[in-house]
Amino acid sequence: MESLTTLLSVLVPMFLGFFIRLPKPYLALVDKMLVVLVYAVLFLIGVSLARVENLGSQLNTIVLTTLLLFACTIGMNLLALMWFDRRFPWQAKGSGQKANVSLSGSVKQLGCVALGFVFGKLMADVWLPPENLGMYCLMALVLLIGIQLNGSGVSLRQVLINKRGVQTAMIMMASSLAGGWLFAALNEDVSWLKGLALASGFGWYSLSGLVMTEAYGAVWGSIMLLNDLGREFFALVFIPMLMRRHPSAAVGVGGATSLDFTLPVIQSSGGLAAVPLAISFGFIVNVAAPFLMVVFSSFG
């Protein structure tokens, strides 16, 4: 029953958001609210991490586990998507502009987690936010994501018509899950279902960190958060390098962020031709990620 409740808590708000159509002026407000909620979720993850006993003794495990998970998922993504680009070439004609790579947003997000951690350590328990506040923030977050996707002007038909975007999304998600299975095979303390759950964030760090915290505790939540933030760092740096010869791999390594944070880099390095591919890919991944994470974590 608890697993079903968690699943509905994540999926129902998102699908409700799909059916809420707001005038364009209000969409700007939704974007601002999303930014606030993302930082709130990251702050709460930091607070949860502060509640973990003997955290210092687990830092080495957190770092090594994150690196292994990252290597398995990103490695499988690159192998599958680069093969796909070679087997079925598709050229994204660049705009000729130099991609403007900025890591400041990712640094701010890590700083927000650190701030929450410090707050959790310094404040007495009575002043700390209730543990279920994170789930309420998560529900609000996915509701606004649904509204944002509805207001993007991209219909389901347009998403499915972009054959390359659908193919890239399917290959990226399947290869990520293969990476999660490999991670579980290399880590005897991780079941294969848990490995699949940990591989299903696809770069959506604000969602994945909180879902994994709810499912497996703050340590695994922090591992998931760092893994998906690492994907964003990796994508911002390597998208311009991959785009010329491996456009599907360039879009795919960004995961869920290809619909927002990494989209400007995709556009500047791949031109306007790469934008429909990125939007179709990002839409599918953003819809699939919460469903897969909650399902796998509920049973694993």
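Observations on the structure shown:
- Prolate/oblate/rounded call for the chain, Cα gyration tensor, a/c under 1.5 rounded: prolate
- Lysine pair count for the chain with Cα-Cα distance under 30 Å and sequence separation of 8 or more or different chains is 12.
- Span-like helix criteria (full DSSP H runs; alpha carbon extent of at least 30 Å along the helix axis; mean Kyte-Doolittle hydropathy of at least 0.5) are satisfied in the chain by 24-50, 59-87, 163-186, 218-242, 274-299.
- Taking trypsin sites (Lys or Arg not before Pro) as exposed when their DSSP state is a loop state and no more than 14 other Cβ atoms lie within 10 Å, the longest site-free interval of the chain runs over 99-243.
- DSSP-loop GluC sites (Glu not before Pro) across region 158-248, with at most 15 other Cβ within 10 angstrom: 188
Read the figures in this text as sums done on the coordinates, not as results from a lab. Quick caveat: nothing in here was measured; it's all calculated off a predicted structure. So basically every Cβ, Gly included, is an ideal-geometry build from the backbone, and we count neighbours across all protein chains shown.
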